[in-house]
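These notes concern the structure reproduced below.
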Amino acid sequence: MPVKRSRDNPSVSDHTMMRGSACISQAPSGRSRGTRFLPVLLLTLLLLPVAVHGQLVGGPLDCHKTCVCASNIVSCSKMNLSNVPTALPKYTAVLDLSFNSINKLRAEWTTVSLSKLHSLLLSNNGLTFLSSEAFIYVTKLRYLDLSSNGLRQLDEFIFEPLEQLEVLMLYNNRISQIDRSAFAGLNNLERLYLSQNQISRFPLELVKERSRLKALRLLDVSSNRIKAMPLDELQALPAWIKNGLYFHNNSLTCSCDLYDLVVRWQLKELSSAVDYKSSHTCVIPGRHQQKEKVAITDLDRMHLNCSEVKVRDKEAYLNRYLVLDCDTRQKDMEKRWVLPGNIPLSQENKTYEMLKDGTLRIGPLKAEDSGVYTCYASSDSLNETIYVTVVVFNSTLSGGLENIKTAYTTLAGCLVSVVMVLIYLYLTPCRCAGCPGQHSDKLASRDSLHSSSASLSKAQEPPGPERVESGGTLYRHVAFADPKDLLEQNGRLNPIGEEDEECLGERGERRRSDAGSVSSDTPMVV
């Protein structure tokens, strides 16, 4: 039914017309809004990969706004960069990206080989991730600074492509785990800085003879969490390695061996011990809760009462050989030796020979070889003088051993003699006829020293065989001349100088033979 419009009631018609117009106007407005947002959505989807790719790679290098390019140096320090700029010139030798916000160094941070790049600075970036392929395009690096970042671990073979690297700075990170092969392949590495981290194990493999980095002459592991050190292995290292081995400001446990090592290094004037003398501290055993640190050099006067350390002389024996080491604080120094009495070393003297490694070989040693030997070492940056005192004992080492053997032989002979005397005194069987259990025949007549005086006489022989009843055994007693106290009778020696007494069975009868009643020409028979 049509609505009649009236001037008296305009609200009805106006209201109806307004609703109709509103409905008509809303439809086109909805279609235009959808049409307006559709291009924006498509544009966002198209630009999303570009944005993601931009986060991984970064924008191109701009030498006017974000970086400073001077000759072969590119410096982008303190530019708040989150990624490494792309399109770096191939002639770049020094790239400074320090003090930015580059927290990840991915493998694709550069896609071209930078064969002339020798210095890369990435310190103070908050760096927490290093790709295992981050350095495959920069193999000519000699200086790499990754200090003051957030690195926590070093994976295996991570620096292997950097065969020419000489300096690696990793101090002031959060490194607590280092793979034993992390520094493999760095044959030219000379200085390695690992201080101010969270390392709890001393990396002995870096300085040990068989596995060490051959060119390494400075290793800084100070201000970490190391509690124990391989003291014996460190003491055996050459001086040029010990001179650059810094381990101060660690939680080392105090011991006299640690005291001995530090004091010896100070006496040797090694830089690692002298430069940070006050920072060489340790923790007294049993006080770990208090974490009371004391100076290592005070352990001899306080706390552990360690023995005083003295540098001992070289000792040797006659006819032996001795090798003196010119243990310098730098490697590959030019060396020369001077003999005692300030005598230069000459090739004519065959007793002394300087070997290729700078050591002096002496021998066969003589007593006059004792004295102070001097080694003068020099290089472009250091001159060093080393004194070695040699004491040659006036005896041979083998002679001393022979004397000891002779002493032991003499002692053994004395003991055997004592044993034999005791056996003779207490274990010799009794030969008396009256001794129980003993049945032995008396010795038969035999020639004496003077046979003419010891022969038997038939005139003196008893009429019948003389028997003594003792177990039914016949005993025949013959008197022999006693060689002592012999008296002369008619110009002859008296074979019987004193009375003989013999046991005659159980009755104990004794017979006497008087030397005075026997003529000098008459034999004697008992």
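FYI, it's all coordinate maths here, none of it is from the lab. If you're wondering where the values come from, they're calculated on a predicted model, not measured in any experiment. So basically every Cβ, Gly included, is an ideal-geometry build from the backbone, and we count neighbours across all protein chains shown.
Results, tabulated for the structure shown:
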{"read-out": "Under-5 Å amide H pairs with residue 395, H placed in peptide plane, nonlocal only", "value": "318"}
{"read-out": "Cβ-based net charge around residue 131, under 14 Å, with every Lys or Arg adding one and every Asp or Glu removing one", "value": "-3"}
{"read-out": "Calculated from backbone phi, Karplus (6.51, -1.76, 1.60) coupling profile of the stretch 116-123 in Hz, x at Gly/Pro", "value": "9, 6, 10, 9, 10, 10, 10, 6"}
{"read-out": "The stretch 76-137 shape via C-alpha gyration tensor axes, a/c threshold 1.5", "value": "oblate"}
{"read-out": "Around residue 201: net Lys/Arg minus Asp/Glu count, Cβ-Cβ under 12 Å", "value": "+1"}
{"read-out": "The stretch 224-318: trypsin sites (Lys or Arg not before Pro) falling in loop per DSSP and having at most 10 other Cβ within 10 Å", "value": "291, 301, 310, 312"}
{"read-out": "C-alpha center-to-center spacing [the stretch 296-346, the stretch 122-159] in angstrom", "value": "42"}
{"read-out": "Relative contact order for the stretch 260-369, counting Cα pairs under 8 Å that sit 6 or more residues apart, in percent", "value": "21"}
{"read-out": "Anisotropy class of the stretch 80-219 from Cα gyration tensor, a/c 1.5 cut", "value": "oblate"}
